[in-house]
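Enquirer: Take this structure first; my questions come after.
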Amino acid sequence: MLPTYERLNDPKKPIFRIAFSKLAVIAVSLPLGAFCFCVVWSLLFDFVRSTFTHCDVANYLPSVSAAIGNYEPQKTVWRLAIILHMPFRLAVAKMYMEYYREHIRRNRRMFGILACTLNVIEDLALFSLSLWTSADNYEIHRNSFVVFIACSECYMLISYLLNRNARRVAMLPHEEKSLKYKRNLFLTNVVAFGLAGYCFMRHNARCESGVYTFFALFEYIVVLTNMGFHMTSCWDFYALSVVCDARQGFYLTHL
């Protein structure tokens, strides 16, 4: 292997090369790790405050908003993870634009553009609701959350349907695997979101012990299935690697 200074002086030698699948794992690990840290830390060190609700009944899990945005160091850890992984999310949205241009039939490509647009809006809404928590600015946080959920659900549905019904080339085995996971994760996400909404309304209406705990649990499932759905990109782009060299900078190439 050439020393670093020799690789830099030779434009034909890449400075580094990394498989896209590994990069996807690293990127998703940031919000996933931050989310797990925030929930566990809240349970261990902020249990009473993070699980308290206006009903003042028994509750055993913090909501997502309480876990990631109301206390330190959880708030800082979550924000840092979102900021660090955001460039990757936006870059993947651009990659999907090219992916749909190559794999989706011409008369359906407008739906591919719509899917990518929804993906970008979802990313920006996630960024917004992470910076402005419910404790900092409830209006911005609430509106950002609504936009995030709406764009997320629509994006997942359109992405699944495009890959299932609008392809102009046959799917490879890894793409079939990706499609199966997209379907399962989307359905789980929708069901969990509906159950979370039901538990939230029931908690506010009846103030029953433990109902808010189920609301928080279903919220976690919504968050995790959303991350999992975006993680399927490692199968859609399994044969690509990210390369950096002195002549072209960063670019994608086949393994």
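Enquirer: Quick one: in the stretch 84-104, of everything that is farther than 17 Å from residue 223 by Cα and aliphatic (A, V, I, L, M), which residue is farthest from the chain's Cα centre (by Cα)?
Expert: 104
Enquirer: Related question: Please indicate, with yes or no, whether at least one residue in the stretch 160-168 is polar (S, T, N, Q) and farther than 22 Å from residue 112 by Cβ.
Expert: no
Enquirer: Assuming residue 180 fulfils every condition listed in (1) within 19 Å of the chain's Cα centre (by Cα); (2) within 30 Å of residue 59 (Cα to Cα) apart from one, which condition is it?
Expert: Only one criterion in (1) within 19 Å of the chain's Cα centre (by Cα); (2) within 30 Å of residue 59 (Cα to Cα) is unmet by residue 180, namely (2).
Enquirer: Continuing with this model, one more query. Tell me which residues, restricted to the stretch 2-60, are in contact with a helix residue (DSSP H, G or I) (Cβ under 8 Å, 6 or more places away or on another chain), at pLDDT below 80 and part of a loop (DSSP other than H, G, I, E, B).
Expert: Of everything in the stretch 2-60, just one residue is in contact with a helix residue (DSSP H, G or I) (Cβ under 8 Å, 6 or more places away or on another chain), at pLDDT below 80 and part of a loop (DSSP other than H, G, I, E, B), namely 13.
Enquirer: Yes or no: the stretch 165-183 includes at least one residue that is buried (at least 21 other Cβ atoms within 10 Å of the Cβ) and in contact (Cβ under 8 Å) with a residue 60 or more places away in the chain.
Expert: Within the stretch 165-183 (the criterion being buried (at least 21 other Cβ atoms within 10 Å of the Cβ) and in contact (Cβ under 8 Å) with a residue 60 or more places away in the chain), the answer is no, since none of the residues qualifies.
Enquirer: Output the qualifying pairs, or none if there are none: Cβ atoms under 8 angstrom, residues six or more apart or on different chains, first residue in the stretch 225-237 and in contact (Cβ under 8 Å) with a residue 24 or more places away in the chain, second residue charged (D, E, K, R) and assigned to a helix (DSSP H, G or I).
Expert: 229/182; 230/89; 232/182; 235/175; 235/177; 236/175
Enquirer: Further question: Scan the stretch 239-247 and give yes if some residue there is in a helix (DSSP H, G or I) and either among the aromatic types (Phe, Trp, Tyr) or closer than 30 Å to residue 105 by Cα (or both), otherwise no.
Expert: No - not one qualifying residue is present in the stretch 239-247.
Enquirer: Quick one: residue 201 ticks every box in (1) touching a residue at least 60 places away in the same chain (Cβ under 8 Å); (2) over 23 Å from the mean Cα position of the chain (by Cα) bar one, so which box is it?
Expert: Here residue 201 clears every test but (1).
Enquirer: Is it the case that some residue within the stretch 144-162 is outside any helix (DSSP H, G or I) and within 18 Å of the chain's Cα centre (by Cα)?
Expert: Checked the stretch 144-162: no residue is outside any helix (DSSP H, G or I) and within 18 Å of the chain's Cα centre (by Cα).
Enquirer: Test each condition in (1) under 30 Å from residue 83 (Cβ atoms); (2) in a loop (DSSP other than H, G, I, E, B); (3) of a type in the set (A, V, I, L, M, F, W, C) for residue 125 and report the one that comes out false.
Expert: (2)
The values are calculated or read from the model by the stated rules, or taken from the named source; none is laboratory data. In this text, all values refer to a predicted model and were calculated from it rather than measured experimentally. Positions of Cβ are backbone-derived with ideal geometry, glycine not excepted, and every protein chain shown enters the neighbour counts.
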